[in-house]
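**Q** My structure is below; once you've seen it, I'll send some questions.
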Amino acid sequence: MRLWTSGWMAGAGLILAGCVTINIYFPAAAAEKAADKIIDEVWQLKQEAKPADPAVEGKTK
């Protein structure tokens, strides 16, 4: 009988644990602002990588 009770309690605990949901909400404005910042940084890196003179780009060593 004691084994049956502990099995029932363990099963009930598993069912209750399975019903727990954790919701995480990200503010849309903050996420959009962070995305814009990352995009700006990527564009800035791409612009810095380009040579200033287009004629230099075609020359070979």
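Nothing in this text is a laboratory measurement; each read-out follows from the coordinates by a stated rule. Given the structure is predicted, the values throughout are model-derived calculations rather than measurements.
**Q** Which value, to two decimals, describes the C-alpha radius of gyration of the stretch 1-45 once divided by 2.2 N^0.38 Å?
**A** Against the empirical 2.2 N^0.38 Å value, I get 2.53 for the stretch 1-45.
**Q** Could you calculate the contour length gain from LYS33 to ALA17, that is, 0.36 nm times the residue separation minus the distance between their Cα atoms, to one decimal place in nm?
**A** Gain on extension, LYS33 to ALA17, equals 2.2 nm.
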